[in-house]
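The values are calculated or read from the model by the stated rules, or taken from the named source; none is laboratory data. Nothing here was measured: the structure is a model prediction, and the numbers come from that model. Every residue, glycine as well, gets a Cβ built from its backbone with ideal geometry; the counts of neighbours run over all protein chains shown.
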Amino acid sequence: MENLIFKSKALIQSTSLETIRDKSKEIGWESRLIGILGARGTGKTTLVLQQLKLRFGLSDEGVYWTMDDIYFTNNTLIDTIEQFRNKGGKLVVLDEVHKYPDWAKEIKNGYDFYKDIQIIFTGSSIIDMMKLDVDLSRRAVLYDLSGLSFREFLNFKGVGKFEKINLEDLISNHIELANDITATIKPFEHFPDYLSFGYYPFFLENISTYHRRIEQIIKLVIETELQFIEGMDIHKTRKIHQLLGILAKNVPFKPNISKLSEKIGIHRNTLTTYIHYLEKARLINSLNSEGKSISILQKPEKIFLENTNLSYALAGPIVDIGNIRETFFLTQLKETYEVSLPKSGDFLINGKYIFEVGGKNKTNSQINHIPNAYIAADDISLGTGNKIPLWLFGFV
């Protein structure tokens, strides 16, 4: 166990506190059991290491363990927690819990038996808390960590620190809001960079290898993380790669499940299951009509890649700008608002607001008869009337 603590202190010591995700302010860090789920590469490990460093520094009261450490091949988690507690430990951070067998059962036991120990765990977004053998959903306070918004990207780059904008305020006061922001920065000096390499916080490490690293993340998700899904055939990973490749070249994609399953060579039910878990793994986003029930075996009406950086990594430098614009809009709003597919326009937000996404010359022709309808227009710094700058939606 001493080696575990030594590695923990080395990681905590090397963790920078210079830039901390906004999500850290939203998490109730005082809860006794906290779960942080999210896609690979979004910064879960850094977030929990920063919290450890802020609260305990290099003291022995807080510790970080990654659950794929070789130590846990011969030692149980619950016994290790007990040893740590007996040495005066107070906070255990467990990273990538899905890589440890029976993780949910042992975390539950740690929570139930040791009332004076706090446990924070991170895991893949593919984890379905409601389908675990033990019920952690009533015990753990769960949070989801997505990638950076355009607003956070500006903060991470050191360009400027801006507050979140409520969607209703954005709609009502977009001219004043955009005017205030553009008085401080020039959005289009940074917006193309965000679309290409600004979603994952590791852009700070090396931009030249950024898209290669995304490719590696996709490979790890498909070939490693999906195997933790019950019933998933890990021998079909080549088919999943093939499916994602087809989607990447055709997004936004309106799937014809019969033709697609024939092309890939898998049953249609298997195909819809793969689509479902690609979305759980945060590689794609699906869009359905308002009020339509969602199930694993139901095909989505429209499919996008999860963020614009995936488009550049998978499709190369020549990407469809219309797809990039729509993907950006969806990615920025889906974490906070309900987004669905309207009968007219591109997106319906919270069942109330219709948005058509396009370039600066986009007109009202498709939405002029619809109340609460707006245009999210690219290539404009300031809007007018119901035409709102697309980049501004990166601040919600």
(request) Output the qualifying pairs, or none if there are none: Cβ atoms under 8 angstrom, residues six or more apart or on different chains, first residue in the stretch 115-126 and within 15 Å of residue 137 (Cβ to Cβ), second residue of a type in the set (Asp, Glu). (result) 121/95; 123/96
(request) Go over the candidates 276, 267 one by one and state the one that is surrounded by 19 or more Cβ atoms within 10 Å (Cβ to Cβ) and outside the structural domain of residue 103 (by TED's automatic domain parsing). (result) 276
(message) Looking at 271, 314, 260, can you tell me which residue is free of Cβ contacts under 8 Å to residues at least 24 places away in the same chain and in a helix (DSSP H, G or I)?
(response) 260
(request) Would you check which residues across the stretch 26-70 are in a helix (DSSP H, G or I) and either in the same structural domain as residue 204 (by TED's automatic domain parsing) or of a type in the set (A, V, I, L, M) (or both) and list them? (result) 47, 48, 49, 52, 54, 70
(request) Answer with yes or no whether residue 79 is of a type in the set (Asp, Glu), modelled with pLDDT of 95 or more and surrounded by 21 or more Cβ atoms within 10 Å (Cβ to Cβ). (result) no
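Say whether the condition of being small (Gly, Ala, Ser), under 25 Å from residue 218 (Cα atoms) and not in a loop (DSSP other than H, G, I, E, B) is met by at least one residue in the stretch 111-128.
So far as the stretch 111-128 goes, yes, one or more of its residues are small (Gly, Ala, Ser), under 25 Å from residue 218 (Cα atoms) and not in a loop (DSSP other than H, G, I, E, B).
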(message) Consider the stretch 368-391. How many of its residues are under 25 Å from the mean Cα position of the chain (by Cα) and either outside the structural domain of residue 346 (by TED's automatic domain parsing) or without any contact (Cβ under 8 Å) to a residue 60 or more places away in the chain (or both)?
(response) 3
(request) Among what's in the stretch 348-363 and is farther than 18 Å from residue 172 by Cα and not β-branched (Val, Ile, Thr), pick the residue that is nearest to the chain's Cα centre (by Cα). (result) 358
(request) Inspect the stretch 334-351 for any residue being touching a helix residue (DSSP H, G or I) at 6+ places or on another chain (Cβ under 6 Å), in a helix (DSSP H, G or I) and assigned by TED's automatic domain parsing to the domain that holds residue 281 and give the result as yes or no. (result) no
(message) Quick check on the stretch 287-305: of everything there that is more than 22 Å from residue 236 (Cα to Cα) and of a type in the set (Ser, Thr, Tyr), which residue is modelled with the highest pLDDT?
(response) 289
(request) Collect the residues in the stretch 71-85 that are part of a helix (DSSP H, G or I) and either more than 15 Å from residue 99 (Cβ to Cβ) or in contact (Cβ under 8 Å) with a residue 24 or more places away in the chain (or both), keeping them in residue-number order. (result) 71, 72, 77, 78, 79, 80, 81, 82, 83, 84, 85
(message) Could you check the stretch 19-39 and list, in sequence order, the residues that are in contact with an Asp or Glu (Cβ under 8 Å, 6 or more places away or on another chain) and either farther than 23 Å from residue 90 by Cα or surrounded by fewer than 15 Cβ atoms within 10 Å (Cβ to Cβ) (or both)?
(response) 21, 22, 38, 39
(message) Given (1) buried (at least 20 other Cβ atoms within 10 Å of the Cβ); (2) closer than 19 Å to residue 146 by Cβ; (3) not β-branched (Val, Ile, Thr), identify the lone condition not met by residue 202.
(response) (1)
(request) Being touching a Ser or Thr at 6+ places or on another chain (Cβ under 8 Å) and not hydrophobic (A, V, I, L, M, F, W, C) narrows it down to one of 158, 147, so name that one. (result) 147
(message) I'd like to know if the stretch 12-20 contains one or more residues that are closer than 20 Å to residue 114 by Cβ, in the same structural domain as residue 141 (by TED's automatic domain parsing) and not charged (D, E, K, R).
(response) no
(message) On the basis of being touching a helix residue (DSSP H, G or I) at 6+ places or on another chain (Cβ under 6 Å), of a type outside the set (Phe, Trp, Tyr) and part of a helix (DSSP H, G or I), does residue 330 make the cut?
(response) no
(message) Regarding the stretch 8-25, can at least one residue be identified that is within 18 Å of residue 141 (Cβ to Cβ), touching a strand residue (DSSP E or B) at 6+ places or on another chain (Cβ under 8 Å) and in a loop (DSSP other than H, G, I, E, B)?
(response) yes
